[in-house]
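**Student:** Provided herewith is a single structure, encoded as structure tokens, for subsequent inquiry.
The values are calculated or read from the model by the stated rules, or taken from the named source; none is laboratory data. In this text, all values refer to a predicted model and were calculated from it rather than measured experimentally. Neighbour counts are summed over all protein chains in view; Cβ atoms, including those assigned to glycine, are modelled from backbone coordinates with ideal geometry. Please note that ligands, DNA and RNA were not included when accessible areas were found on the heavy atoms of the full protein model with its side chains. Shrake-Rupley method; radii C 1.70, N 1.55, O 1.52, S 1.80 Å.
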Amino acid sequence: MASRFVTSQGIRNLSAQAVAKTEHVIPKPEPLKVSTLKNGVTVATIENHGPVSSLGVVIKAGARNEVYENAGVTHMLRICAGLATKNNSAFSLTRNLQQAGTGLVCTQGREHTIYSVQATRDNTDVAAGYLTDAVSNQLFKPWEVSDNTYRLKLEVENRAPGTYAMELLHAAAFRSGLGNSLYCPSHKIGAIKPEHLQQFVSKHFTGGRTAVVGINVNHAVIAKYAELLNLESGAGPSSIASKFSSGEERRETGGDLAYVALAAPSPGATSVKEALAAMLLQRILGSGPHIKRGASQGKLAVAAAEASAGNHAVSAIGPMYSDAGLLGAMVVAEGSAAGKVVSAVAATLRSISVTDADVAAAKKNLIADVLEVMGNSASLLEDIGTQVLLAGDVIQADKIPELVNGVGLADVQAAAKKLSASKLALGATGNLSTCPHVDSL
Amino acid sequence: MAMFSRTLSLTSRSANLAQARTFVNNEAVKKWAFNLSGFNQYGLYRDDVLFESDEVKEAIRRLPQHLQDERAFRVQRALQCSVMKTVLPKDQWPTYEEDREKGRYLTAYLEEVRAENAEKAEWAKNA
């Protein structure tokens, strides 16, 4: 008994020594590699030694590129992702991607569309083959498009009121272009035909507007797949410049709550310093609680709490696009309290005083938020892709803290001053019994 | 061994024989069979008289609307003839050539449906 105890101790000690001898070295992540191919496609890969690869084709085409005649075509395009192509039926794409342990995901913004897959490293080649086929060889068969119209209807009906308020805000602020909704307008459901989809794809899915982004993939291998993308050449049509207009879009739907989004124009991703100053200002205004079950902090939450004791939630919003942006607030409040809260929020937006302490805290928040985006493969993919296509180059992760800390108090105060002098645009839905009109704010 | 050499000689002659096997595989016989079937006397095309199995029903569902409408018209006209216990006047009967040209409108869609079903069955087999 004693001998057995001693023996097992002895083995344990030996194995402990063996482990102690091999030091675990954390491999350094490799920096971003960007190259442009003959067909105009940009290829960007980054290696951070994770077990899962993410691969995405990012295209500079979104709701912004719709015109009056084809309104809603980008929403339908997203719904039709993964349907029959020249080389594969929809069933074949689905099952083969399932065999590779992945599935196709299509994400869309106002200025970009991403088709992405996430697979383990050894299945990435297979997944890449089907991904490139699904993006560039879509057939849009008439019966498949009409069979999937119900999904379009479902997404439009299931839209959250807060999302709807944001869509209304964009429509009020930008009218066409960036004002086009991400969701198909009701009167267009069922009216989008395969020809519209095919025309949109031929016009906007060109080599110059496409980037293939890979995380934990081999750059050369992905470049080979990117060459297989069967796209038109060229840079596609240029976008009309965005212009902000002060206006409002209100949709009274009754109920208990009011969902109000109001915002002033902010510079888009044109100047890094101004963009960062706007983002810092957004965090100073406050974007909800940072602690689970904690109270919202920031200037907006304070002002709203003073204005009304009713239930409300306030958060600063700051969507940013390539040539324009918005900076403002999203208010969700009880119908009777909404008027006071919205007025208080608008008054705060007009009179923000920024101190050094505010800026320092906001900087820490911003760096944490950016690093969180970079920590999640799917959002990192989107981030790199949109930067490559819309801004032209990608800001490296290790430069971010330096850039953020380089923004001074004066820059943020300048942004606050511009905000106080701007007109507002408003998008509102829900119970608008007390919601003020934008010209009174 | 003898069978093997005979098979070999058969395969080498098959290219020539394929054209030579025209005992029934010729235009005259096909025309005679077409006229004997008689569906053209009711104004119908070959693809109108296919038995509507699930595959054929799905192929019809995928037809463009104008082809579906034309099919419906021809079927209704044929039903009317049937009710009146008569056939169309001879100048309205689709000819053999017309049926070859326009009467196979469903075949492409049907082949696609069959290929899709075969693919699904293949995947189910290996599941």
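**Student:** Note down the Stokes-Einstein diffusion coefficient of the range A:26-85 in µm²/s, whole number, using a Kirkwood radius over alpha carbon pairs, 4 °C, and 1.567 mPa s.
**Tutor:** Details: Rh = 15.1 Å.
D, rounded to a whole number, is 86 µm²/s.
**Student:** On to the next question. Checking an interface number: how much accessible area is buried between A and B, summed over both chains, with a 1.4 Å probe, in Å² rounded to 100?
**Tutor:** Approximately 900 Å² gets buried when A meets B.
**Student:** What's the FRET efficiency of A:Glu144 with A:Gln396 using the Cβ-Cβ distance as r and R₀ = 30 Å, to the nearest 0.05?
**Tutor:** According to the calculation, E is roughly 0.10.
**Student:** For chain A, modelled as a Gaussian network with Cα springs under 10 Å, which listed residue fluctuates most, A:Leu154, A:Leu197, A:Leu97?
**Tutor:** A:Leu154
**Student:** Just read off the accessible area of B:Glu112 with the full protein assembly in place, 1.4 Å probe, to the nearest 10 Å².
**Tutor:** 50
**Student:** To continue, here is another question. I'm checking a number: the convex hull volume of the Cα atoms of the protein assembly as shown, normalised per residue, in Å³. What is it?
**Tutor:** Residue-normalised Cα hull volume stands at 331 Å³.
**Student:** I've got another one for you. Calculate the spin-label point distance for B:Ala20 paired with B:Lys125, positioning each point 7 Å from the Cα along the beta-carbon direction, and give it in nanometres.
**Tutor:** Simple spin-label model gives 3.6 nm for this pair.
**Student:** Let me ask something additional. Let me spell out the model: positive unit charges on the Cβ of Lys and Arg, negative unit charges on the Cβ of Asp and Glu, origin at the Cα centre of the protein assembly as shown. What dipole size does that give, in debye rounded to 20? Intermediate results must be reported in sequence, preceding the final value.
**Tutor:** Details: 59 positive and 55 negative charges, 147 e Å.
The dipole of the protein assembly as shown has a size of about 700 debye.
**Student:** Viscosity 1.002 mPa s, temperature 20 °C: what is the translational diffusion coefficient of the range A:186-335 from Stokes-Einstein with a Kirkwood Rh over Cα pairs, rounded to a whole number of µm²/s?
**Tutor:** Rounded, D is 108 µm²/s.
**Student:** Any chance you could check the Cα centroid distance between the range B:30-56 and the range A:168-202 for me, in angstrom?
**Tutor:** Taking the Cα centre of each part, the range B:30-56 and the range A:168-202 sit 46 Å apart.
**Student:** Please give, to one decimal in nm, the separation of the simple spin-label points placed at B:Arg100 and A:Lys38, each 7 Å out from Cα toward the Cβ.
**Tutor:** Simple spin-label model gives 4.5 nm for this pair.
**Student:** Just to make sure I understand: if all protein chains stay in place, what is the order of A:His219, A:His437 by accessible area at 1.4 Å, largest first?
**Tutor:** A:His437, A:His219
**Student:** Would you calculate the separation in nanometres between label points at A:Lys203 and A:Leu154, each defined as 7 Å from the Cα along the Cα-to-beta-carbon direction?
**Tutor:** The answer from the label model is 3.0 nm.
**Student:** Round to a whole angstrom and tell me the spacing of the C-alpha centers of the range A:419-438 and the range A:317-364.
**Tutor:** 12
**Student:** Please quote Rg/Rh for the range A:301-424 to two decimal places, taking the Kirkwood radius as Rh and restricting both calculations to Cα atoms.
**Tutor:** 1.02
**Student:** Using a 1.4 angstrom probe on the protein heavy atoms only, line up A:Val221, A:Val404 by accessible area, largest first.
**Tutor:** Numbers: A:Val221 40, A:Val404 0 Å².
These residues rank, largest area first, as A:Val221, A:Val404.
**Student:** Which value, in Å³ per residue, describes the convex hull spanned by the Cα atoms of the range A:55-108?
**Tutor:** Dividing the Cα hull volume of the range A:55-108 by its residue count gives 94 Å³.
**Student:** Moving on to the next point. Give the separation of the Cα centroids, the range B:65-88 to the range A:82-97, in Å.
**Tutor:** 38
**Student:** Just the Kirkwood number for the range A:92-250, please: inverse of mean 1/r across all distinct Cα pairs, in Å, one decimal.
**Tutor:** Value: 18.1 Å, from the Cα pair sum.
**Student:** Calculated from DSSP H runs of 4 or more alone, at -39500 (n - 2.57) each and per residue, what is the 222 nm mean residue ellipticity of chain A, nearest 500?
**Tutor:** Helices in chain A give a 222 nm mean residue ellipticity of -13000 deg cm²/dmol.
**Student:** What residue among B:Ala118, A:Val354, A:Val145 has its Cα farthest toward the positive end of the dipole of the protein assembly as shown, where the charges are +1 on Lys, Arg and -1 on Asp, Glu, each on the Cβ?
**Tutor:** It is B:Ala118.
**Student:** Among A:Ala172, A:Ala100, A:Ala329, which one shows the biggest mean-square fluctuation in a GNM of chain A, springs joining Cα atoms closer than 10 Å?
**Tutor:** A:Ala100
**Student:** Counting only protein chains, not ligands or nucleic acids, how are A:Lys33, B:Lys31, A:Lys340 ordered by accessible area (probe 1.4 Å), most first?
**Tutor:** I get A:Lys340, A:Lys33, B:Lys31, largest accessible area first.
**Student:** If one puts a single equal scatterer on every Cα of the range A:170-211 and applies the Debye formula without solvent, what log₁₀ I(q)/I(0) results at q = 0.16, 0.34 Å⁻¹?
**Tutor:** -0.62, -0.99
**Student:** So if R0 is 35 Å, what FRET efficiency would A:Thr253 and A:Glu195 give, r being the distance between their Cβ atoms, rounded to the nearest 0.05?
**Tutor:** Values: r = 34 Å, r/R0 = 0.98.
E(calc), rounded to 0.05, equals 0.55.
**Student:** Given a 1.4 Å probe and the protein chains all in place, what does the accessible area of A:Ile26 round to, in Å² to the nearest 10?
**Tutor:** Around 140 Å² of this residue is reachable by solvent.
**Student:** If I ignore ligands, DNA and RNA and count only protein heavy atoms, how much of A:Cys184 is accessible to a 1.4 Å probe, in Å² to the nearest 10?
**Tutor:** 0
**Student:** What are the radius of gyration and Dmax of the range A:76-161, computed over its Cα atoms and given in Å?
**Tutor:** 13.6, 42
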